């Protein structure tokens, strides 16, 4: 596409979003797919995703044969940028669009692609993730949910935790242990595209710090799933999971697009600093406040250009993969710092959350409490630092 074509396409996307952005509902919308806890929220967001897909603005670079647009990737990037600029609602099927879908297109059979991809885009089939377990935290290689082969089925027992959208999902990307008789724990894992409708699978919602729901603990009790749900071969689950995490963390492309969150950004923090007061004056006039705010602005602006930087080899320096692999760590830590700063700007009023007197309905406190889920999901902050140290800097594990 030349510059004129790009400009015309961007204008068309912007106009469509302005004309079709849904009015704010009477109930509180979640910030990310990890906070979808009510049927009202879910159906509102599902309808929005369906509308975006029907307009041709999701999966634009995915193959037409499976329901995608077959268009250049730059068109999807433009749509994503305009959706963020227009502050439209996010699309809820984040795991399907950004992790499971790209993985199936990369590794799945033709039957898998025909079965799953279009319904991921249209939000007819919602996906969740079954990686973490209650007793093993970020130690994915030590997963103990068992999958035992029985004829043309696998029988699943155990439980997974932090399964966002588990109450609404039709499928789960699941890593389970198929063998203990192997040289190392990683070789005993297998990867499944598991139907959540199977008898014996029970997602149980978990109440969060905010008083809302969104996460689940999912129990498997003699749950039988078809053997052809396995992606790859038995014992290859670790390598498939690692590829999935590369999509999840944005280290490789291929995602279907659409916003995955309605994030408070640095401009919102600057505007809050103008309204909040310190010693009877706007907080933004306080030198210490300004100093902290400038640091956050610099970090946010730096993150915003990281994608462009990663595409220029000369800027990659000694560690060309560091930008892509650090994306999840940088974004989750910045949000935590920004929202903590937003609460601190309110002084003693920052303690108010579920209160009529809470500033802006308590959205800053809610966002701060929710920000911790981002520092855990997809690998904790500590795990992300280990990954960068070992895989980018080449540091030893010990």
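Throughout, read-outs are computed from the coordinates displayed, never taken from laboratory work. If you're wondering where the values come from, they're calculated on a predicted model, not measured in any experiment. Every residue, glycine among them, receives a Cβ derived from its backbone with ideal geometry; neighbour counts consider all protein chains shown.
Look at the alpha carbon pairs under 8 Å that are at least 6 residues apart: their mean separation over the length of region 128-238 gives a relative contact order of 31 percent.
Our summary gives the chain a relative contact order of 15 percent, counting only alpha carbon pairs under 8 angstrom and 6 or more residues apart. Rounded to the nearest 10 degrees, the inclination of helix 110-122 to the longest alpha-carbon principal axis of the chain is 30 degrees. Could you tell me the center-to-center distance, by alpha carbons, between region 350-373 and region 121-165 in angstrom? For region 350-373 versus region 121-165, the Cα centre distance is 32 Å.
Against the chain, whose longest principal axis is taken from its Cα atoms, helix 287-304 shows a tilt of about 40°. Taking 0.36 nm per residue of sequence separation and removing the Cα-Cα distance, the residue 239/residue 270 pair yields an extension gain of 6.9 nm.
Could you tell me the center-to-center distance, by alpha carbons, between region 191-224 and region 18-61 in angstrom? Cα centres, region 191-224 to region 18-61: 22 Å. Angle of helix 73-86 to the longest C-alpha principal axis of the chain, folded into 0 to 90 degrees and rounded to 10: 40°.
Work out the FRET efficiency for residue 303 and residue 382 from their Cβ-Cβ distance, taking R0 = 25 Å, and round it to the nearest 0.05. For residue 303 and residue 382, the calculated efficiency is 0.80.
Each peptide in 274-285, 181-192, 16-27 gets a packing score, the mean of other Cβ atoms within 10 Å over its residues, and the list from highest to lowest is 181-192, 274-285, 16-27.
Among 331, 344, the order by Cβ neighbours within 10 angstrom, fewest to most, reads 344, 331. Rounded to the nearest 500, the helix-only mean residue ellipticity at 222 nm of the chain stands at -12000 deg cm²/dmol, with each DSSP H run of n ≥ 4 adding -39,500 (n - 2.57).
For the pair residue 318 and residue 224 in one chain, pulling the backbone fully straight at 0.36 nm per residue adds 29.0 nm over the alpha carbon distance.
If a spin label sat at a point 7 angstrom from the Cα of residue 204 along the line to its beta carbon, the backbone N atoms of region 138-178 nearer than 17 Å would be those of 145, 157-168.
When only Cα pairs below 8 angstrom with a gap of at least 6 residues are kept, region 298-398 shows a relative contact order of 25 percent.
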